[in-house]
Amino acid sequence: MSTPSAPLPSPTPAPGRSLSAWWQATPLTAVFAVFFLVPLALIIMVSFWDFNEYELLPGFTFKNYISIFDGCGNTVEMCTTLKTYLSTFKFCLMVWLITLVLGFAVSYFLAFHIRSSGMQTLLFVLCTIPFWTSNVIRMISWVPLLGRNGLVNQGLVGAGIVDQPIEWLLFSDFSVTLAFVHLYTMFMIVPIFNSMMRIDRSLLEAANDSGATGWQTLWNVVVPLCRTGIIIGSIFVITIVMGDFVTVGVMGGQQIASIGKIIQVQTSYLQFPLAAANAVILLAIVLMIIWALTRLVDIRKEL
């Protein structure tokens, strides 16, 4: 009769392995600390300083934060800060919805309707063509198209569709939203397309064999399996739009307010503590949005 063998001892980690892992993580940690944590700490510190017309006054005061929300307790009229944040959220929501629809449609076409990997690569590269030039050049390219005497207005007037040029095509909410969509749709396409390429095609065949319609398969199979890509793309688009000031300034004709624009103007007037306080508030709001989005799906687990 054989006796039960004793359980084998669990393998112990090799000496120095944990130490080597720390050494391997040191360069990335150092870069992260120098280029992110240290500047962030400086911004938070400066946001509590005072200032005058000539210099910064190191110290500790809540003056900057109080001045940002000055008048927000008035129930009759909304304060400037809240109006500016609502304007920023408006652009953020519109751009997110449009880029999500466009990004999902383009990704779905590339992933499920283009069979050749070579053609997929070619069409994907074509989607990146706008990134071959700078953002400013891409924004300026809309001016001769949407201006009062631009090609679009000339075509509409020449065709008799309108009697006079349309004013709201340029330097308006429409032009700002259009520029945002033009600039940042690719940030939605890439993660969604990556998620769709990882979907097992047998799941689509099983849904089809079960009698599901195309829309049912899309909503019950494709969309749930693309949640990670949708969330990642949403984080990219929302965070960029929330802090953007160049697009709002150029396409809005310096007439539309946003949080990023306010920070840029305060910096140009050397009001660094006030700009730092606005930046800290904006960062806190963006982090809360990211936290809410990451609650919808565990990105680390899905990836």
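Within region 158-180, the set of residues being in a helix (DSSP H, G or I) and surrounded by 18 or more Cβ atoms within 10 Å (Cβ to Cβ) comprises Leu169, Ser175, Val176, Thr177, Leu178, Ala179, Phe180.
Condition check ((1) of a type in the set (Val, Ile, Thr); (2) in contact with a Pro (Cβ under 6 Å, 6 or more places away or on another chain); (3) under 30 Å from Asp200 (Cα atoms)) across all residues:
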residue	(1), (2), (3)
Cys72	no, no, no
Lys83	no, no, no
Val95	yes, no, no
Ala105	no, no, yes
Phe112	no, no, yes
Ser116	no, no, yes
Val125	yes, no, yes
Val152	yes, no, no
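Yes or no, residue by residue, for (1) hydrophobic (A, V, I, L, M, F, W, C); (2) surrounded by 19 or more Cβ atoms within 10 Å (Cβ to Cβ); (3) in contact (Cβ under 8 Å) with a residue 40 or more places away in the chain; (4) farther than 26 Å from Phe51 by Cα:
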{"residue": "Gln255", "(1), (2), (3), (4)": "no, no, yes, yes"}
{"residue": "Ser258", "(1), (2), (3), (4)": "no, yes, yes, no"}
{"residue": "Ile263", "(1), (2), (3), (4)": "yes, yes, no, no"}
{"residue": "Phe272", "(1), (2), (3), (4)": "yes, no, yes, no"}
{"residue": "Leu287", "(1), (2), (3), (4)": "yes, no, no, yes"}
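Among the residues in region 123-130, are any of a type in the set (A, V, I, L, M, F, W, C), in contact (Cβ under 8 Å) with a residue 24 or more places away in the chain, closer than 25 Å to Ile238 by Cα and in contact with a Phe, Trp or Tyr (Cβ under 6 Å, 6 or more places away or on another chain)? No, every residue in region 123-130 fails to be of a type in the set (A, V, I, L, M, F, W, C), in contact (Cβ under 8 Å) with a residue 24 or more places away in the chain, closer than 25 Å to Ile238 by Cα and in contact with a Phe, Trp or Tyr (Cβ under 6 Å, 6 or more places away or on another chain).
Pairs meeting the criteria (first residue in region 167-180 and under 13 Å from Val246 (Cα atoms), second residue among the polar types (S, T, N, Q) and buried (at least 21 other Cβ atoms within 10 Å of the Cβ), beta carbons under 9 Å, at least 6 apart or on different chains) are Val176/Thr247; Val176/Ser258; Ala179/Thr247; Phe180/Thr99; Phe180/Thr247. Of note, Val280 satisfies the criterion of being closer than 21 Å to Ser87 by Cβ and aliphatic (A, V, I, L, M). Pairing each residue of region 73-87 that is within 13 Å of Ile256 (Cα to Cα) and at pLDDT 80 or above with any residue that is assigned to a helix (DSSP H, G or I) and of a type in the set (Val, Ile, Thr), provided the two are 6+ apart or on different chains, yields C-beta distances under 7 Å for Thr84/Ile259; Thr84/Ile262; Tyr85/Ile259.
Here is the figure for region 208-248: residues that are of a type in the set (D, E, K, R) and part of a helix (DSSP H, G or I) total 2. Where helices (runs of 4 or more DSSP H) fall wholly inside region 55-157, the ranges with 3 or more residues that are surrounded by 15 or more Cβ atoms within 10 Å (Cβ to Cβ) are 63-68, 80-108, 117-127, 135-140. Kindly evaluate Thr228 against the criterion of being touching a Leu at 6+ places or on another chain (Cβ under 8 Å) and without any contact (Cβ under 8 Å) to a residue 24 or more places away in the chain. For Thr228, the condition - touching a Leu at 6+ places or on another chain (Cβ under 8 Å) and without any contact (Cβ under 8 Å) to a residue 24 or more places away in the chain - is not met.
Please state which of the following conditions Ser202 fails to meet, knowing it meets all the rest: (1) farther than 21 Å from Leu102 by Cβ; (2) in contact with an Asp or Glu (Cβ under 9 Å, 6 or more places away or on another chain); (3) polar (S, T, N, Q). Only one criterion is unmet by Ser202, namely (2).
Anything in region 125-161 that is of a type in the set (Ser, Thr, Tyr) and within 22 Å of Ser172 (Cβ to Cβ)? List them, or say none.
The one that is of a type in the set (Ser, Thr, Tyr) and within 22 Å of Ser172 (Cβ to Cβ): Ser141.
Restricting attention to region 274-284, and to residues there that are among the small types (Gly, Ala, Ser) and touching a residue at least 12 places away in the same chain (Cβ under 8 Å), which single residue is nearest to Thr177 (Cα to Cα)?
Among those that are among the small types (Gly, Ala, Ser) and touching a residue at least 12 places away in the same chain (Cβ under 8 Å), it is Ala279.
The values are calculated or read from the model by the stated rules, or taken from the named source; none is laboratory data. Small disclaimer: the values here were computed from a predicted structure and weren't measured. Ideal geometry is used to build each Cβ from the backbone, glycine not excepted, and the neighbour counts take in all protein chains shown.
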